[in-house]
Amino acid sequence: MLFNFEQMILLNNKKNIKSPSHTKDLLKETRIKQGVSLKEAAECIGVSVKYLERIEEGDYNNLPADVYVRGFLKKYAEFLGLPVQEIVDFYQKEKRIFYNIYNNDNVEKKSFNGGFFGKIYITPKAVSFFAIVAAVIFIVSYFIYEVGFLVSPPNLIMENPVQDAEVFESKINVIGRTDYDSFVKINGQNITVDENGYFNKEINLSDGVNVLEIKAVNRLGKEASIIKRLVYTENKN
């Protein structure tokens, strides 16, 4: 009389045997119920005791290739009077579930030589750890940069005039650049600074020595200043 796997479990329940939740449980409990030792079963079907023991323990990692295990299961199920194909099919399903869980918990570790630190293993936890460390370093570095940026005087670079000089035009374009969030004054007059920190202002010169004080001020009031002296000589020709 043939039984499917579910019927076999129901029969075990009716006989007050704990319903097996795995193939290994059904095989082991059926063998014990029949009063057969592992050694006796192994001798009868020609399979090593250690392999039968591993099958009954669900120790899938230490079993030989799958083709051999299926052969062991067929012989063992037939010996115990269990439905052969259903035992094999259920084992295959169980094994897939087992390896899905196993692979999630035990990802193969990759390693490389870390020199002074020896061999370093790369695992998901290690990657997460280094990612967090990198993020913390970035945030701290950015904070230090911002603090340094604010407590230091702003950059101020002159492109025209570059140096003190004698000029013969009554007007001059004062051109330079500073930090994008600073503002500029020339002799106390506010000058427009564009989004890139550049400024350009036409200044009228008077006859003789003209002192130009170009000052850049950041958000915390830190200042940088440059003084240029231009001698304007009116061309009377």
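Worth pointing out:
To keep it simple, each residue is scored yes or no on (1) within 36 Å of the chain's Cα centre (by Cα); (2) surrounded by fewer than 13 Cβ atoms within 10 Å (Cβ to Cβ); (3) modelled with pLDDT of 80 or more.
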| site | (1), (2), (3) |
| --- | --- |
| ARG54 | no, no, yes |
| TYR68 | no, yes, yes |
| LEU73 | no, no, yes |
| GLY81 | no, yes, yes |
| ASP89 | no, no, yes |
| GLU94 | yes, no, no |
| GLU108 | yes, yes, no |
| GLY114 | yes, yes, no |
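- Of all residues making up segment 183-212, the number that are surrounded by fewer than 10 Cβ atoms within 10 Å (Cβ to Cβ) and aliphatic (A, V, I, L, M): 0
- For segment 161-217, the set of residues classified as farther than 28 Å from ASN235 by Cα and hydrophobic (A, V, I, L, M, F, W, C) consists of PHE183, VAL184, ILE191, VAL193, PHE199, ALA216, VAL217, listed by residue number.
- Of all residues in segment 194-209, those that are over 19 Å from THR178 (Cα atoms) and among the hydroxyl-bearing types (Ser, Thr, Tyr) total 1.
- Some residue of segment 213-228 being of a type in the set (Lys, Arg), modelled with pLDDT of 90 or more and loosely packed, with under 15 Cβ neighbours inside 10 Å: no
- Within segment 42-52, being in contact (Cβ under 8 Å) with a residue 24 or more places away in the chain and surrounded by 12 or more Cβ atoms within 10 Å (Cβ to Cβ) holds for CYS44, ILE45, VAL47, LEU52.
- The residues in segment 37-65 that are out of contact with any helix residue (DSSP H, G or I) (no Cβ under 8 Å at 6 or more places or on another chain) and in a helix (DSSP H, G or I) can be counted, and the count is 3.
The values are calculated or read from the model by the stated rules, or taken from the named source; none is laboratory data. These figures come from a predicted structure and were not determined experimentally. Cβ atoms come from the backbone with ideal geometry, glycine included; neighbour counts cover every protein chain shown.
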